[in-house]
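Below: the structure, in structure tokens.
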Amino acid sequence: MGLFMKHGAIKYLAILAAAGVLSGCGFQLRGQAQLPFAAAYVDAPAGSVLGEGLRQSLTSLKKLAAKSEDAPVRIKISPETRGKNILSLSGGGKVREYRLEYQVNLSAFDATGTELIAAAPIHLTREFSYNDDQVLAKESEEAALNRGMEQDALRQALRRLSFIKH
């Protein structure tokens, strides 16, 4: 029993030490982005997944402006482009791998039109294997990868917006 207590105490001390190291190096769990502006207007094409995601995020932070005239920051999003390219073929000429691509440009301006964030692309790619015998599963995987890229693009956009200085 003494040996068990000793190992339990060692595990406890190891966990305590790890927590101390992580907190000392500045590690923190992901939270909502801290945006340095009072409100923003999102100018995005109809059907833009990133535009809708930014609007939802800004709404939850109570920072979405209904009109561009009411916003000290105006976020401009270009039309999103998606691609699906063959990455490799089998010896029989069947597709073995695909590469999915997602790209969108993001820029931001203040109320006077001064550029706060220069237009810069958010470009993401994902690769996945393909098998004709698993068509439904692979379609589901492709949809999940596309949703994941959209979420990554939203996180990148919010991170960029958190560094605005005006």
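The values are calculated or read from the model by the stated rules, or taken from the named source; none is laboratory data. In this text, all values refer to a predicted model and were calculated from it rather than measured experimentally. Cβ: placed from backbone, ideal geometry, glycine included. Neighbour counts: every protein chain shown.
Tabulated data for the structure shown
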item	result
Residue identified as farther than 17 Å from Met149 by Cβ and either modelled with pLDDT of 95 or more or among the aromatic types (Phe, Trp, Tyr) (or both) among Pro45, Pro36, Pro79	Pro45
Residue in region 105-114 that is buried (at least 16 other Cβ atoms within 10 Å of the Cβ), hydroxyl-bearing (Ser, Thr, Tyr) and in a loop (DSSP other than H, G, I, E, B) present	no
Single match in Pro79, Pro121 (criterion: assigned by TED's automatic domain parsing to the domain that holds Ser48, in a loop (DSSP other than H, G, I, E, B) and either in contact with a strand residue (DSSP E or B) (Cβ under 7 Å, 6 or more places away or on another chain) or touching a residue at least 12 places away in the same chain (Cβ under 8 Å) (or both))	Pro79
